[in-house]
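Data first, discussion second: the structure below is written as structure tokens.
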Amino acid sequence: MNFNSPLNFTVTERFLRYVIIDTQSDPSSDSFPSTEKQKDLGKVLVSELLEIGITDAHLDQYGYVYATIPANTDKKDIPVICFCSHMDTAPDCSGKDVRPIVHKNYQGADIVLPDDPNQVIKQNEYPELKNQTGNDLITASGTTLLGADNKAGVAEIMDACYQLVNNPAIKHGTIRILFTPDEEIGRGVDKVDIEKLGAYAGYTMDGENAGNMENETFSADGAKLIINGISAHPGFAKGKMESAIKIAGQIIAALPYNLSPEGTENKEGFVHPVAIEGHVETASISFIIRDFDEDKLVNHADVIREIADEVLKKFPGSSYDLDVKPQYRNMKSMLDKHPQIVEYAMEAMKRAGLNAKLCSIRGGTDGSRLSFMGLPCPNIFAGEHAFHSKQEWVSVQDMQKAVETILHLCEIWEERG
């Protein structure tokens, strides 16, 4: 189908509806999903999918939205593909009472957000803005994040569903839709039903610049260091007290800068303390450990052990335990076994008129774990920028290009089937 003929895009209107629904996830919660309010968006999406004409759309007990667009081709055995985005927003910044603002016909000036003039979106800080001249940009008002991560992806998939149902000339096989909760806290696919999806390939819509696709992520471990100190009455502590809090502080201070997030880039890994809590007698430090090379994760954990051993030489009565657990792995090893999954997406972006670029991401997506659960799943751009911050922004035109990419991708799988 020639998408140069105007599509009746609905992506912007959908996006503006979705971002005002607070779906922030909570890493301290033991429930699933971690916040019930994520289901508020799930219910809206199910209602809209049913209205489009997708009859099996539903929200399950864990907050996942599943839906199916049946094949409309006479070809047999077209592989089932799945499009996925997450509904939650990051705990790093408030997602309550989001007030989205559409800045029409952007011409390169700094964007001052009205509810907090200290929040200024500048071209020298976000170079991609140089490619947005004449486009319409959406931001929040300055006191919250926007939620483009990942409601841009949600809106793009929803608009693509609308287009597929209303444009039967777009031939495709069976398409599965999956919207997940809790991606931002690393639990996005904990309860997903892979058998129920029944898909051969998946695509998350959760990336940045238009035309970018990521086929490689960090491999990731989490680690918790428990420090056992010695408590004593502070008035009689000389020669006795060994404060676990102070030991923890010295361990953190000794972490090498060139193994920190702020001291690394590109494919360099890091060790990052993300939380500390405790008392004089016991303290704990939670770390995330990241590298594109899975084998290096062990070396990075050993750095924590070596530092702890060295620090505790000064505290002979104290001890520590380090518990390291895997979180996710670099999806490239799975995607390399199915090269057409990436190749078709690159072709789809080219058909949408974009300069397709294959990238690595210094992070992870739902696709990282889905790939190891039997659903190889690279990450396609959604147009979101300045994630997890009050300066988050997205381009209307980039979202429309993402919709076109999805539609072309559906066609390509049908053509090659």
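Numbers at a glance
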read-out	value
Index of the failed condition, S284 passing every other in (1) open to solvent by 50 Å² or more (accessible area, probe 1.4 Å); (2) over 20 Å from G363 (Cβ atoms)	(1)
Residue match in segment 378-388 (condition: in a helix (DSSP H, G or I) and β-branched (V, I, T))	no
Selection within segment 77-106 - touching a Ser or Thr at 6+ places or on another chain (Cβ under 8 Å), open to solvent by 30 Å² or more (accessible area, probe 1.4 Å) and either over 30 Å from Y66 (Cβ atoms) or without any contact (Cβ under 8 Å) to a residue 40 or more places away in the chain (or both)	R99, I101, V102, H103
A71 being more than 23 Å from the chain's Cα centre (by Cα), at pLDDT 95 or above and either surrounded by fewer than 18 Cβ atoms within 10 Å (Cβ to Cβ) or assigned to a loop (DSSP other than H, G, I, E, B) (or both)	yes
Any pair with Cβ under 7 angstrom, 6 or more apart, that starts in segment 258-273 at a residue that is in contact (Cβ under 8 Å) with a residue 40 or more places away in the chain and surrounded by fewer than 16 Cβ atoms within 10 Å (Cβ to Cβ) and ends at one that is assigned to a loop (DSSP other than H, G, I, E, B) and not aliphatic (A, V, I, L, M)	K267/F292
From E208, E184, E214, residue being open to solvent by less than 30 Å² (accessible area, probe 1.4 Å) and not aromatic (F, W, Y)	E214
Tally, over segment 127-138, of residues that are under 15 Å from Q107 (Cβ atoms) and either open to solvent by less than 30 Å² (accessible area, probe 1.4 Å) or part of a loop (DSSP other than H, G, I, E, B) (or both)	7
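Conditions (1) modelled with pLDDT of 95 or more; (2) over 16 Å from Q24 (Cα atoms); (3) assigned to a loop (DSSP other than H, G, I, E, B); (4) touching a helix residue (DSSP H, G or I) at 6+ places or on another chain (Cβ under 9 Å), marked per residue:
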site: Q123; (1), (2), (3), (4): no, yes, yes, yes
site: T143; (1), (2), (3), (4): yes, no, yes, no
site: M158; (1), (2), (3), (4): yes, yes, no, yes
site: C161; (1), (2), (3), (4): yes, yes, no, yes
site: L164; (1), (2), (3), (4): yes, yes, no, yes
site: K171; (1), (2), (3), (4): yes, yes, yes, yes
site: L178; (1), (2), (3), (4): yes, yes, no, yes
site: A210; (1), (2), (3), (4): yes, yes, yes, yes
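The values are calculated or read from the model by the stated rules, or taken from the named source; none is laboratory data. Just so it is clear, the model here is predicted, and its values are computed rather than measured. A quick note on method: Cβ atoms are made from the backbone with ideal geometry, for glycine too, and the neighbour counts reach across all protein chains shown. Note: accessible area is taken over every heavy atom of the protein model, side chains too, but ligands, DNA and RNA are not part of it. Shrake-Rupley method; radii C 1.70, N 1.55, O 1.52, S 1.80 Å.
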